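What follows is a single structure, written as structure tokens, with notes after it.
The values are calculated or read from the model by the stated rules, or taken from the named source; none is laboratory data. It should be emphasised that the depicted structure is a prediction, and the values quoted were computed from it without experimental measurement. Cβ placement follows ideal geometry from the backbone for every residue including glycine, while neighbour counts extend to all protein chains displayed. The area values use the complete protein model at the heavy-atom level, side chains included, leaving out ligands, DNA and RNA. Shrake-Rupley method; radii C 1.70, N 1.55, O 1.52, S 1.80 Å.
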Amino acid sequence: MNRRKFLTAGGVSLAASAVAAPAIAQSVPKLNWRMTASWPKSLDTIYGGAEYLAKRVSEMTDGNFQIRTFAAGEIVPALQVLDAVQNGTVEMGHTASYYYVGKDPTFTFDSTVPYGMNFRGMNAWLRHGGGLELIQEFMAGYNIISFPAGNTGTQAGGWWRKEINTVDDLKGIKFRIGGWGGAVLTKLGVVPQQIGGPDIYPALEKGTIDAAEWVGPYDDEKLGFYKIAKYYYAPGWWEGQTNLSVYINLAAWNSLPKVYQSIIQVAAGDATTWVLGKYDIDNPAALRRLIAAGTQLRYFSRPIMEACFKASRELYAEESARNPKFKKIFDNWSPFLATEDEWFRVEEQQFDNFMYAKVGAG
Ligand code: CA
């Protein structure tokens, strides 16, 4: 039964149905927005996640809300997504907030904190621990609202031209590293370089940098680092998980009907598990290919892990003392991490250790 017949059958006048029509039209306006991403198109995981988000929004609005996705460099370079959304050049961005720690280290909480949470902890903190509210309060200062819109899981420890056996071996290494892990490594003599995805390979090839990390085997293979650096380290302790964010200009967000606001949040949540699942299925096969091609897998030594951990906690204490915005979130984040890890060590750790040992035993 169509709406008009129903209303007529119910004795409602045609005038009443005519009044209802404009409200329906307004709730699904035709919109064309632009979303600039920090990623090259070649990365079907992370750039693919941005495209997937846009596709889901279109599907859920019957094609009325179109978001066109742009790769790094098409509108603005990889590391200028924040500025482009803040000043309204584009309505939306897909990025990692830790690219902006140079403006304020508080941005790190929205992506990852070195020696911080895994995906499970981050998800709980953002959704139920007050994390997202704290981040959105901070982001409002940049005229932006953000939502989680992708996750890489635990990242790899990067590509190194020579083996790193001792803490002293880190001294003087020019290392491309995303986010605030660079500030931790500075304390151990590393010279961190923040370089956008498309520009890392040429820098490594020219020798402008000695080592580089990006995400993990699948992306790293596409970017070609294994052709230049032989040693592939684990784990990427600076990124126990990395949350990717969709940024929306606040004025643009406030102009949206409530239903579109909800749809963006649903699509972003869907993109989060889409990206994470894609990494988790593509990384194992890529790692096998890389090792077959001659990559040497190495683990950071316990002394290196401990020294970097100690440096990270010193850095957080220093930043908390000088930066009230950082301290406000850290004072919520830090006890949450401890509580989660206390729980995960009981069940997850026992189960995971047993199962992974079985795989190791063939
Ligand atoms: Ca990384």
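Calculate the spin-label point distance for Arg68 paired with Tyr356, positioning each point 7 Å from the Cα along the beta-carbon direction, and give it in nanometres.
4.5
Report the one residue of Phe70, Trp160, Ala311 whose Cα lies farthest in the direction of the positive end of the charge dipole of the chain (charges on C-beta: Lys and Arg +1, Asp and Glu -1; origin at the Cα centre).
About the Cα centre, the residue reaching furthest to the positive side is Phe70.
For segment 120-252, report the accessible area per residue in Å² (1.4 Å probe, heavy atoms, rounded to an integer).
34
Just name one of Tyr100, Ala271, Ile209: the one whose Cα is farthest towards the positive end of the charge dipole of the chain (beta-carbon charges, Lys/Arg +1, Asp/Glu -1).
Ala271
Taking the Cα centre of the chain as origin, sum charge times position over the Cβ atoms of Lys and Arg (+1) and Asp and Glu (-1), and report the length of that vector in debye to the nearest 20.
The dipole of the chain has a size of about 660 debye.
What full-extension length gain, to one decimal in nm, is calculated for Ser262 and Asp83 as 0.36 nm per residue of separation minus the Cα-Cα distance?
62.0 nm
With equal scatterers on the alpha carbons only and no solvent term, can you work out the Debye log10 of I(q)/I(0) for segment 146-273 at 0.15 1/Å?
One equal scatterer on each Cα of segment 146-273 leads to -0.74.
Can you compute the helix-only [θ] at 222 nm over the chain? Use -39500 (n - 2.57) per DSSP H run of at least 4 residues, normalise by all residues, nearest 500 deg cm²/dmol.
-16000 deg cm²/dmol
Could you give the dipole magnitude of segment 253-326 about its Cα centre, charging the beta-carbon of Lys and Arg +1 and that of Asp and Glu -1, in debye to the nearest 20?
120
With a point put 7 Å past each Cα toward its Cβ, work out how far Ser42 is from Ser334 in nm, to one decimal.
Each label point lies 7 Å from its Cα, and together they span 4.1 nm.
Between Arg127 and Ala285, how many nm apart are label points set 7 Å from Cα along the C-beta direction?
It is 2.8 nm.
Rounded to the nearest 0.05, what FRET efficiency do Glu347 and Ser301 give with R0 = 25 Å and r taken as the Cβ-Cβ distance? Could you check?
0.30
Checking the table Lys227/Lys278; Lys162/Lys206; Lys162/Lys278; Lys162/Lys230 against a 19 Å threshold on Cα-Cα, which pairs fail?
Beyond 19 Å: Lys227/Lys278; Lys162/Lys278.
Give the angle, between 0 and 90 degrees and rounded to the nearest 10, that separates the Cα long axis of helix 14-27 from the longest principal axis of the Cα atoms of the chain.
Helix 14-27 and the main axis of the chain meet at about 20 degrees.
What is the distance in Å between the Cα centres of segment 308-330 and segment 154-224?
Cα centres, segment 308-330 to segment 154-224: 23 Å.
How large is the charge dipole for segment 188-263, taken about the Cα centre, if only the Cβ atoms of Lys, Arg (+1) and Asp, Glu (-1) carry charge, to the nearest 20 debye?
Value, rounded to 20: 200 debye.
Averaging sequence separations of C-alpha pairs under 8 Å and six or more residues apart, then dividing by the length of the chain, give the relative contact order as a whole percent.
This gives 22 percent for the chain.
If R0 is 45 Å, what FRET efficiency do you get for Arg161 and Ala317 from their C-beta distance, rounded to 0.05?
Here the calculated transfer efficiency is 0.85.
As I understand it, the dipole of segment 179-255 uses +1 on the Cβ of Lys and Arg and -1 on the Cβ of Asp and Glu, about the Cα centre. Which of Tyr231, Ser245, Thr186 lies farthest toward its positive end?
Thr186
State the extension gain, in nm to one decimal, for the chain segment bounded by Asp104 and Lys171, taking 0.36 nm per residue of separation less the distance between their alpha-carbons.
Length gained, Asp104 through Lys171: 21.5 nm.
What is the percent carbon and sulfur in the accessible area of segment 120-229, measuring with a 1.4 Å probe over the protein chains and ignoring ligands?
48
For segment 48-139, what's the relative contact order in percent, using C-alpha pairs closer than 8 Å and at least 6 residues apart?
13
Give me the Å³ per residue figure for the convex hull around the C-alpha atoms of the chain.
170
Give me the percent of DSSP beta bridges within the chain that run antiparallel, rounded to the nearest 5.
45
Taking 0.36 nm per intervening residue step and subtracting the Cα-Cα distance, what contour gain separates Phe309 from Thr208 on full extension?
Gain in length upon complete extension: 33.6 nm.
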